[in-house]
Amino acid sequence: MRDLAYFEAKFEALDEIMTADERVHLINGTFLSLSPHRHVYQNLQKKFRERMIAPPISELGFCGLATGAAMAGLRPIVDLSTGSFIYEAWPQVANEAANAFSMSGGQTRVPVVFHLFHGLRGGGAAQHSGSPQAMLWNVPGLEIVIPSSPRDVKGLLKTAVASDNPTIFVDHTRLLDIRGEVPENDKPIPFGVADIKRAGGDVTLIATSYTVQVCLGAAAKLANEGIDVEVVDPRTLVPFDLATILSSVEKTHRVVIADETHQSCGVAAEIAARIAETGFDKLKTRIRRVSTLDVPVPYSPPLEAHIGPTESRIMDAVRAAVA
Amino acid sequence: MAANKDNFKEVIELLRRMWLIRAFEEKVSSLYAERQIVGLLHLGIGQEAVAVGALSLLRNDDYVYGGHRSHGHAIAKGADMNKLMAEIAGRATGYCGGKGGSMHIVAKECGFMTATGVVGGTIPLALGAAFASKERKKGQLAVVFFGDGAGQAGPFHESLNIASLWRLPVVFICENNGYAEFTPLSAHTKIERLAQHAKTYGIPASTVDGNDLFAVRDAMTKAVASCRAGKGPVFIECLTHRMRGHYEGDPAKYRELSQLAEWKKKDPIARVARALKSKKAFTDAQLEAIEMEARALADKATEFSLASPWPSEFDVDSQVYAVT
């Protein structure tokens, strides 16, 4: 089996997508944030220069442009780079793109992808570390994709571009260098299919994005303590695969949810509510959340490390669940 | 452009379209007064020359984006009045199945891409349609209508800059009707003519009498030619006035009655009719027949709408996501 870095798998996807479909344009960033692997973007530029567009710093303008271009038949992928910058484009994303299909009675399809890097990144402080996916989950009409592995980023990106709906592609800079298996000629990964990243029988540990990787580390350590953790990655928030999660809970009867959005009305809150509503009878203990504390993200490294869903906080929550 | 014997037929057709809009919107107004329809309604009575003057020069595959006061733009682009009225009445037979309503009309079949309830909201969307047009190289263009209120909003400025930078085929049409919602433009900006902004961004711009059908047509003729020739965006500011309040039910006490009387003298429909009569092209009876025909169609649209079923609540979530 072939092994690729996350950023390589992602760019393999972009290359294959752009080769297959001339309607696809890349707008704005490099899809790499400040990663040192800029050469892969430049390699892509050599092939598709005319379809890789660098707009002025006008998030509202170019997200609206991409939305309008999608309405008129193109399939743009916008890189907002730092996730917090999507706030600059909120009216076009949340009030135009998301509403268009319903508001038009199904006349207008908006096949646009908004790609962004969310979360704690090391010194990003409050304005460059946002995780807007929870707010966006509160906007009907958007699909939300949140990969955690090289194989997933490739397969999900392909499905995102093929989708006729506005799709938020939530990425994380701390994933870019992670390595993993990516089969040649892998199939696109359908939305709404959760993935069991690690099978286990004692606790269902649900996580998204980079936190999946943190949870896998925690699970390996907890195994030494005799706790057998099952790590479940929903991979897409919209649509959401509750069935896979419930069948895991049926087995473990215990749930911990770890996620980098802020705790209040966060991703973990919504997942917890869905499990409680439909799977309460399967639970033997209360659901536990490990989210980012409800504070603006601080700059200083020890403070930043303290507020997120760290390995130790996750391990504590799992231990408490089985206690 | 002026009415002359070579273009009488064309001018009469334009007049007919202006009457369609006027009759339609007057009907909407009375239906609202009778509480037969509800909702936020913004009428453009008095602004018909802008919609018809500008859009009568477009192809079916050109893209048009409107604002919150856009019934007229949809009709001028060729929207079906029955489906439009049914949408405003919230019925299942409306363009959007009753999910959009007055402020969110979409008539994709004729290229009326969307209106919006957000001031300035469609300006970036029109850029996108222009971007797609440029890529496709079939000579299509995008037109976007907005009011003077949009000139102070972010999407206006970001879009003008990008359109100019990338020479996108988009015509920005500012319907400067003097009032941004409830306050005069002077309360919003020190800029007197919004065309000034376009010039700042390097976009050819003109300010025309928006109640003069021929002046709007002339400006738009040049703009369309420029866009189709790949010369980039054009900005047209049309000075006009809405004869109704900001929304139906707005007492509009911020406006002097004398001001309204002045604008009434400049009624765009009456001006075209006068021009035709002065050339002895048309009799009063013939002009009246145009009005009557328009009113009959508005009545028909009303009957169709009010006889149409309400949407089923079982369909409320049927169009949130497209099935790919």
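Read-outs throughout are calculated quantities, based only on the coordinates presented, and are distinct from any laboratory measurement. The structure displayed is predicted, hence computed values, not measured ones. We place every Cβ from the backbone using ideal geometry, glycine too, and count neighbours over all the protein chains shown.
Annotations for the structure displayed:
- Residue-span extension gain [B:Arg274 to B:Ser30] - 0.36 nm each, minus C-alpha spacing: 85.1 nm
- Counting neighbouring beta carbons within 10 Å and listing from fewest to most, the residues A:Cys63, B:Cys238, A:Cys265 come out as A:Cys265, B:Cys238, A:Cys63.
- Backbone HN-Hα couplings from phi across the range B:13-19 [Karplus 6.51/-1.76/1.60, Hz, Gly and Pro as x]: 4, 5, 4, 4, 5, 4, 5
- Here the spin labels are modelled as points 7 Å beyond Cα on the Cα-Cβ line, and at A:Ala243 and B:Phe8 they lie 7.1 nm apart.
- Cβ-based net charge around A:Thr261, under 11 Å, with every Lys or Arg adding one and every Asp or Glu removing one: -3
- Cross-link check: pairs B:Lys137/B:Lys199; A:Lys187/A:Lys284; A:Lys187/B:Lys137 evaluated at a Cα-Cα cut-off of 31 Å; pairs beyond the cut-off: A:Lys187/A:Lys284; A:Lys187/B:Lys137.
- A DSSP coil position with no more than 16 other Cβ atoms inside 10 Å describes the following GluC sites (Glu not before Pro) in the range B:118-183: B:Glu181.
- Kirkwood-Stokes translational diffusion coefficient of chain A, alpha-carbon pairs, 20 °C, 1.002 mPa s, µm²/s: 108
- The range A:195-322: C-alpha pair distances exceeding 20 Å, %: 37
- When you filter the trypsin sites (Lys or Arg not before Pro) in the range A:215-284 for DSSP loop state and at most 15 other Cβ atoms inside 10 Å of their Cβ, you are left with A:Lys284.
- Cross-link partners of B:Lys27 among aspartates and glutamates, defined as those whose alpha carbon lies under 20 angstrom from its own and excluding same-chain residues fewer than eight positions apart: B:Glu48, B:Asp80, B:Glu87, B:Glu248, B:Asp250, B:Asp267, B:Glu288, B:Glu291, B:Glu293, B:Asp299, B:Glu303.
- Per-residue [θ]222 nm for the protein assembly as shown (sum of -39500 (n - 2.57) over DSSP H runs n ≥ 4, rounded to 500): -12500 deg cm²/dmol
- Stretchable slack from A:Ala125 to A:Asn224, in nm (0.36 nm times residue separation minus alpha-carbon distance): 32.1 nm
- Here A:Asp171, B:Asp284 are placed in order of increasing Cβ neighbour count within 10 Å, fewest first, which gives B:Asp284, A:Asp171.
- Choice from A:Met71, A:Met103, A:Met135 showing the highest fluctuation, given a GNM over chain A with Cα pairs closer than 10 Å: A:Met103
- Sorted peptide list for A:8-14, B:223-229, criterion being average Cβ within 10 angstrom, highest first: A:8-14, B:223-229
- For chain A, built as a Gaussian network whose Cα springs stay under 10 Å, the top-fluctuating residue of A:Phe117, A:Phe48, A:Phe191: A:Phe48
- Local electrostatic count, B:Lys279, Cβ distance below 15 Å [Lys/Arg +1, Asp/Glu -1]: +3
- Debye, to nearest 20: dipole size of the range B:176-324, +1 on Lys, Arg Cβ, -1 on Asp, Glu Cβ: 1040
- Links that overshoot a 32 Å alpha carbon limit, given the list B:Lys138/B:Lys279; B:Lys138/B:Lys264; B:Lys190/B:Lys253; A:Lys10/B:Lys134: B:Lys138/B:Lys279; B:Lys138/B:Lys264
- Largest-first principal axis extents, alpha carbons of chain B, Å: 58, 50, 41
- Whole-number percent relative contact order across chain A, with pairs defined as alpha carbons under 8 Å at least 6 apart: 17
- Net +/- balance of residues flanking A:Val193 in space, Cβ distance below 11 Å, scoring K and R +1, D and E -1: -3
- Based on C-alpha pairs under 8 angstrom that are at least 6 apart in sequence, the range A:195-322 has a relative contact order of 29 percent.
- Shielding by partners, peptide B:126-139 (average Cβ within 10 angstrom, other chains): 6
- The ellipsoid equivalent to the alpha-carbon distribution of the protein assembly as shown has semi-axes of 53, 26, 21 angstrom, derived from the gyration tensor eigenvalues as √(5λ) and listed largest first.
- Our Cα-only numbers for the range A:3-181 put the radius of gyration and Dmax at 15.1, 45 Å.
- The GNM of chain A, with springs linking C-alpha atoms under 10 angstrom apart, assigns the highest mean-square fluctuation among A:Pro234, A:Pro132, A:Pro36 to A:Pro36.
- Sorted by Cβ density within 10 Å, fewest first, the residues A:Met18, B:Met292: B:Met292, A:Met18
- Computed across the range B:61-185, the Kirkwood radius stands at 14.7 Å (inverse of mean 1/r, all Cα pairs).
- Computed from label points 7 Å out along Cα-Cβ, the spacing between B:Lys199 and B:Glu303 is 5.3 nm.
- Chain B - percent relative contact order, Cα under 8 Å, separation 6 or more: 24
- Excluding same-chain neighbours fewer than eight residues apart, the lysines reachable from B:Lys265 by a Cα-Cα span under 17 Å are B:Lys277.
- Gyration tensor (alpha-carbon) shape descriptor, the range B:195-324, a/c threshold 1.5: oblate
- Between A:Ala323 and A:Cys265, the contour length at 0.36 nm per residue exceeds the Cα-Cα span by 18.2 nm.
- GluC sites (Glu not before Pro) lying in DSSP loop within the range B:196-275, provided at most 16 other Cβ fall within 10 Å: B:Glu256
- Sites B:Ala261 and B:Leu165 - FRET efficiency at Förster radius 60 Å, r taken between beta-carbons, to 0.05: 0.85
- Only the Cβ atoms of Lys and Arg (+1) and of Asp and Glu (-1) were treated as charged; on that basis the dipole of chain B about its Cα centre amounts to roughly 1020 debye.
- Here A:Glu250 and A:Leu303 are evaluated by their C-beta separation; at R0 = 51 Å the FRET efficiency comes out at 0.85.
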